[in-house]
Amino acid sequence: MTEAVPVRTTCPYCGVGCGVLAARTGDRTVAIAGDPDHPANRGRLCSKGTQLGETVGLSGRLLHPMIGEKRAGWDKALDLVARRFQETIARHGPDSVAFYVSGQLLTEDYYVANKLMKGFIGSANIDTNSRLCMSSAVAGHVRAFGEDIVSASYDDLDEADLFVLVGSNTAWCHPIVYQRIQATRAARGARLVVIDPRRTETCEDADLHLPIRPGSDVALMNGLLFHCLRAGLVDEAFLDASVSVPQGFWDMIGQGSDLWSVAKTCDVAPEQLLRFYDLFAANPRTLTLFSQGINQALRGTDQVNAIVNVHLATGRIGKPGAAPFSITGQPNAMGGREVGGLASTLAAHMDFAPDTVARVGRFWSAPRMANRPGLKAVDMFRAVGEGRIKAIWIMATNPAVSMPDAGRVREALAACPFVVVSDVVADTDSARFAHVRLPAAAWGEKDGTVTNSERRISRQRPMLPLPGEARPDWWIMAEVARRMGWASAFNYERPADIYREHARLSAYENRGTRLFDIARHAAIGNPAYAGMEPWRWLERPFADGRFPTPDGKARLVSVVQAVIAEPLRGWPLTLNTGRYRDQWHTMTRTGLSPKLARHREEPLVEINPYDAERLGLDDGDIARVATPQGESLFRVATSEAQRRGEVFAPIHWTDRQSTGGRAGLLPRPLTDPHSGQPGFKSTPARLEKVAIEWRAFLILRGEAGIGGLPDCLWATRITVTGGSLYELAGIGEDKTIDAFLPAGDRIEAVDPARGTRRIAVIRDDRLAAVLFLTRTGELPSRDWLIAQLEAPQVAPTLLAGRAPGVALDRGAIVCSCFDVGMKTIVAAIAERQLVDVAAIGQALGAGTNCGSCRPALARLLADAACSREKIHAAE
Ligand SMILES: Nc1nc2c(c(=O)[nH]1)N[C@H]1C(S)=C(S)[C@@H](COP(=O)(O)OP(=O)(O)OC[C@H]3O[C@@H](n4cnc5c(=O)[nH]c(N)nc54)[C@H](O)[C@@H]3O)O[C@H]1N2
Ligand SMILES: Nc1nc2c(c(=O)[nH]1)N[C@H]1C(S)=C(S)[C@@H](COP(=O)(O)OP(=O)(O)OC[C@H]3O[C@@H](n4cnc5c(=O)[nH]c(N)nc54)[C@H](O)[C@@H]3O)O[C@H]1N2
Ligand code: SF4
Ligand SMILES: [Mo]
């Protein structure tokens, strides 16, 4: 297979929705490039998109339907699912079953799931992981605009003069949006303000970073609006024509909104606050991008409206470069909203009003329409736990990891009489509870559409054949629907059939009442669907000053800052959770990539050095993070980027990869009253040091270790080229981990006095495993040993842990494209006197491909400059 023709498709990760050119180069290998013709990314890709090729292998894939631990034919598995759902509904009614789906389904899959549950089963118990992600933005949009419309486009990224990023680590989570912002700043000198309690890499190059107290965003935004009012920036003409203002709104805005009070509530310096307000005042073309720091809060919807209020009141909406912009997390978060995949929406941007229910029922010829909203994610799993839901089908999401209070979710799933999981991966933490596992088509095989943050519909196209017995999600659901007796309503032969129906529904009896209307594709032909170019279903929202409410006006919403509770006794810290640059959620796919694995090898709890000292914690220690909900172990990393009293942990690690790092066990199952979105970003917590007596690492060749983890206090696993790397720590006896070493010839070096053991296992004249363990000393760098997995010969210096004579330690990987480590970069900055990111790129290549590490390079340069200054000062 030499001349592979690239397929134009879309990245399966974040909501930026980058176009990808994917060319099949072998049986299960694909060459990846950014699509220069895709308007979202114009050829760029971030680190995750760039490494997509490393994730399309079949390692760990679910390839056959499974009933329990037994392989089953499709017919048997589908019959069983249909029968158990039918029996449960017959005995306990339609609300005794549920679907829990995902923003990672294609629109076509999503449409079928929603139609089956809401029109045929007759319950609205279908909710999605978007509940955990976007639902406060949805609720805020509906309150302000009357419909869930994202009010900006990526064109605005080119046109804004000021970017305000609120609760968004854009450089890591929406990297190509961040790169576009940086490009506009370079081209036109636009300004950047970041509002985040943490100093993330997004803040690295910002004009201003406001490290506000978590949960104080309403005070900040109301204060801003008050400032605008006093500065005469409220757009009276726009308000008169286009916005309805509730009684008492301006009095509400004035309360506690003087600079000093706001600064105190937000815990930032008044001068810094004023700088932000002045920047805002000076730049009518302001784009405010927000994400989980706003949505994932117990007052998330109010926080969304506080931002939208400012834009509406100053008329900064519907104009080039001026809008509030909810940037979406998952690749098809927006498609899910369009089909109505949330329990609280019906379909095609319609709700549960009686006439709408009747309308959708007519369109679907539905026998049994759900006529009221169903259970939202947190309530849904509570109902599973209480036995009210007796059969649940989980698709393309991993709730045993990602739900708040995941320990209770696990208990609920364990007790549920019938659990079906559709996934691409055989063994996930959620799949462990499944009675039936169904093998879904993965990225590279699936075929359909997704909608990105700016309402742009793009195609995902296959370039690989379906492996084993994997099938598309829509096909699996349609087969179950047929078996439940609804063959004609689910008689789809291809995704285009579903897409056309979805487009017809969006236009059905619409008459301009709903902006989501893709009538132009109601009769799209199969070839046109196959060749569909990325397109936006609404070009410039609200440009005419009209909003999809009965009176055509948007609404300001009165929102007041909630009292921010003092830390609870016994729980002195606040736990914040979020993402790493190079991992995607529960790592089922990014975890397969050796390049991505090296950016952060273990789950860290980041803590301010002041708090660390008080708790007796040092970098590299293991700490127990406990909350009222549960506890989990993390590796400690001290960081000035954390505010005092606040700690941060990543969401990615699961039982498959580590014994600790289980962030999902920790947050409370408390939700925003309007949206039902959990408040993942602040949980009362405490930390304590966990004593360890030995530390070790283990490197295994091949896939030997993917099934499990060595039995010790701390074990984490990452994929490396040629095998796996485990980091281990424990107390007492350390021989137990030897059981994890494969058979073969052993060479050993033991120093009982220092408690050091080094073992290499050789099999078939190649290195099969190494274990390095110490009770008192240091462990060598892992890099050289990892490289030995692929070496043609066994090196004589194996147990020294390095090549003869050379001490090589490049440090933690910063640039995953070119494998450049921190120590290499720091040394080059000092030795070659590199002064900017471009110079590092010239010297080492780092940062010259996908660009995701450029903020990290800027940080290293700043640190170097800072230490040079300190040396000068000392001289
Ligand atoms: N690399 C990577 N990228 C991803 C994903 C991934 O898993 N990995 N997932 C995708 C998905 S589904 C999503 S939803 C997005 C999420 O994208 P983001 O929302 O950017 O990511 P998070 O890390 O969850 O949180 C964002 C920031 O909110 C801050 N924050 C916490 N509390 C507050 C607060 O009270 N106020 C303010 N102003 N800020 C606060 C946190 O400190 C954090 O830095 O990322 C998408 N992109
Ligand atoms: N503490 C804390 N928890 C959080 C968050 C947080 O910030 N803090 N963020 C929340 C947010 S915003 C989100 S979006 C969620 C994400 O959490 P999840 O949705 O649980 O995470 P993923 O790992 O993306 O799960 C997707 C699953 O679908 C599988 N899959 C991939 N493609 C397909 C496909 O085409 N078909 C099928 N059937 N399966 C497929 C994958 O293998 C994987 O098992 O986590 C939420 N949980
Ligand atoms: S920014 Fe990165 S993860 Fe997001 S769509 Fe683009 S390439 Fe994929
Ligand atoms: Mo998300």
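The values are calculated or read from the model by the stated rules, or taken from the named source; none is laboratory data. Quick caveat: nothing in here was measured; it's all calculated off a predicted structure. A quick note on method: Cβ atoms are made from the backbone with ideal geometry, for glycine too, and the neighbour counts reach across all protein chains shown. Ligands, DNA and RNA are excluded from the accessible area calculation, which covers all protein heavy atoms including side chains. Shrake-Rupley method; radii C 1.70, N 1.55, O 1.52, S 1.80 Å.
In the range 846-865, which residues are in a loop (DSSP other than H, G, I, E, B), open to solvent by 20 Å² or more (accessible area, probe 1.4 Å) and not polar (S, T, N, Q)?
Residues satisfying the conditions do not exist here.
So, restricting to helices (runs of 4 or more DSSP H) that lie completely within the range 211-305, which ones have at least 2 residues that are more than 16 Å from ligand 4 (Cβ to nearest atom) and under 33 Å from the mean Cα position of the chain (by Cα)? Spell out the reasoning first.
Working: elements: 217-230, 236-242, 249-254, 259-266, 270-282, 292-295.
Fully inside the range 211-305 and qualifying: 217-230, 259-266, 270-282.
Residues of the range 580-612 being in contact with a Ser or Thr (Cβ under 9 Å, 6 or more places away or on another chain), charged (D, E, K, R) and open to solvent by 20 Å² or more (accessible area, probe 1.4 Å), which ones?
The answer is Arg589, Lys595, Arg598, Glu601, Glu602, Glu606.
Just for helices (runs of 4 or more DSSP H) wholly inside the range 399-494: which have at least 2 residues that are more than 14 Å from ligand 2 (Cβ to nearest atom)? Before the answer, list the steps.
Working: elements: 399-402, 406-415, 473-483.
In the range 399-494, 406-415, 473-483 are the helices (runs of 4 or more DSSP H) which contain 2 or more residues that are more than 14 Å from ligand 2 (Cβ to nearest atom).
Any residue at all in the range 780-789 that's part of a loop (DSSP other than H, G, I, E, B), crowded, with 21+ Cβ neighbours inside 10 Å, of a type in the set (A, V, I, L, M) and under 37 Å from the mean Cα position of the chain (by Cα)?
Yes, because at least one residue in the range 780-789 is part of a loop (DSSP other than H, G, I, E, B), crowded, with 21+ Cβ neighbours inside 10 Å, of a type in the set (A, V, I, L, M) and under 37 Å from the mean Cα position of the chain (by Cα).
Which residues, counting only those in the range 565-579, are surrounded by fewer than 20 Cβ atoms within 10 Å (Cβ to Cβ) and either within 16 Å of ligand 3 (Cβ to nearest atom) or in a helix (DSSP H, G or I) (or both)?
From the range 565-579, those surrounded by fewer than 20 Cβ atoms within 10 Å (Cβ to Cβ) are 565-572, 579; that's our starting set.
Across the range 565-579, the qualifying residue is only Arg579.
Do we find that Gly676 is assigned to a loop (DSSP other than H, G, I, E, B), more than 16 Å from ligand 4 (Cβ to nearest atom) and either touching a strand residue (DSSP E or B) at 6+ places or on another chain (Cβ under 7 Å) or not aromatic (Phe, Trp, Tyr) (or both) in this structure? Lay out the reasoning, then the answer.
Details: assigned to a loop (DSSP other than H, G, I, E, B): yes; more than 16 Å from ligand 4 (Cβ to nearest atom): no; either touching a strand residue (DSSP E or B) at 6+ places or on another chain (Cβ under 7 Å) or not aromatic (Phe, Trp, Tyr) (or both): yes.
It is false that Gly676 is assigned to a loop (DSSP other than H, G, I, E, B), more than 16 Å from ligand 4 (Cβ to nearest atom) and either touching a strand residue (DSSP E or B) at 6+ places or on another chain (Cβ under 7 Å) or not aromatic (Phe, Trp, Tyr) (or both).
Only one of these conditions is not met by Thr55: (1) more than 16 Å from ligand 1 (Cβ to nearest atom); (2) under 30 Å from Val480 (Cβ atoms); (3) touching a helix residue (DSSP H, G or I) at 6+ places or on another chain (Cβ under 8 Å). Which number is it?
(1)
Could you give me the residue pairs with C-beta distances under 8 Å whose first residue belongs to the range 577-590 and is at positive phi and away from ligand 4 (no atom under 14 Å from the Cβ), whose second residue is part of a loop (DSSP other than H, G, I, E, B) and not basic (Lys, Arg) wherever it lies, and which are 6+ apart or on separate chains?
Met587/His652; Met587/Trp653; Met587/Thr654; Met587/Gln657
Go through the range 661-670 residue by residue and tally those that are buried (at least 24 other Cβ atoms within 10 Å of the Cβ) and either at negative phi or more than 19 Å from the chain's Cα centre (by Cα) (or both). So that I can check it myself, show each step before the final result.
Taking the range 661-670 first, the residues buried (at least 24 other Cβ atoms within 10 Å of the Cβ) are 661-664, 666-667.
Those still in the list that are either at negative phi or more than 19 Å from the chain's Cα centre (by Cα) (or both) too: 662-664, 666-667.
Count: 5.
Is there any pair linking a residue in the range 277-289 that is in contact (Cβ under 8 Å) with a residue 12 or more places away in the chain to one that is open to solvent by 10 Å² or more (accessible area, probe 1.4 Å) and assigned to a strand (DSSP E or B), with Cβ under 6 Å and at least six apart or on different chains, and which?
Filtered contacts from the range 277-289: Leu279/Arg191.
One line per residue, one yes/no per condition, for (1) free of Cβ contacts under 8 Å to residues at least 60 places away in the same chain; (2) open to solvent by 10 Å² or more (accessible area, probe 1.4 Å):
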{"position": "Met463", "(1), (2)": "no, yes"}
{"position": "Leu466", "(1), (2)": "yes, yes"}
{"position": "Arg471", "(1), (2)": "no, yes"}
{"position": "Ile476", "(1), (2)": "no, no"}
{"position": "Phe490", "(1), (2)": "no, no"}
{"position": "Glu509", "(1), (2)": "no, yes"}
{"position": "Arg514", "(1), (2)": "no, yes"}
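Identify, please: which residue in the range 637-649 is hydrophobic (A, V, I, L, M, F, W, C) and under 26 Å from Met403 (Cβ atoms) and is, among those, surrounded by the fewest Cβ atoms within 10 Å (Cβ to Cβ)?
Ala637
Looking at Ala82, Ala137, Ala77 in this structure, which one is open to solvent by less than 10 Å² (accessible area, probe 1.4 Å), within 16 Å of ligand 4 (Cβ to nearest atom) and more than 16 Å from Gly374 (Cα to Cα)?
Values: Ala82 fails: within 16 Å of ligand 4 (Cβ to nearest atom); Ala77 fails: within 16 Å of ligand 4 (Cβ to nearest atom).
Being open to solvent by less than 10 Å² (accessible area, probe 1.4 Å), within 16 Å of ligand 4 (Cβ to nearest atom) and more than 16 Å from Gly374 (Cα to Cα) holds for just one of Ala82, Ala137, Ala77, which is Ala137.
Per-residue answers, yes or no, for (1) part of a helix (DSSP H, G or I); (2) over 18 Å from the mean Cα position of the chain (by Cα):
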position	(1), (2)
Gly140	yes, yes
Arg143	yes, yes
Glu147	no, yes
Val150	no, yes
Asp158	yes, yes
Val164	no, yes
Ser168	no, no
Ala171	yes, no
Ile176	yes, no
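If only one of Leu279, Leu298, Leu274 is within 15 Å of ligand 1 (Cβ to nearest atom), over 14 Å from Ser151 (Cβ atoms) and surrounded by fewer than 24 Cβ atoms within 10 Å (Cβ to Cβ), which one is it? Spell out how you get there, then give the answer.
Values: Leu279 fails: within 15 Å of ligand 1 (Cβ to nearest atom); Leu274 fails: within 15 Å of ligand 1 (Cβ to nearest atom).
Going through Leu279, Leu298, Leu274 in turn, just one is within 15 Å of ligand 1 (Cβ to nearest atom), over 14 Å from Ser151 (Cβ atoms) and surrounded by fewer than 24 Cβ atoms within 10 Å (Cβ to Cβ): Leu298.
Quick check: is even one residue across the range 89-101 among the charged types (D, E, K, R), within 18 Å of Met395 (Cα to Cα) and not in a loop (DSSP other than H, G, I, E, B)? Reasoning before the result, please.
Just the residues of the range 89-101 that are among the charged types (D, E, K, R), to begin with: 91, 95.
This time we only want the ones that are within 18 Å of Met395 (Cα to Cα), so: none.
Checked against the condition, which is being among the charged types (D, E, K, R), within 18 Å of Met395 (Cα to Cα) and not in a loop (DSSP other than H, G, I, E, B), the range 89-101 yields no hits at all.
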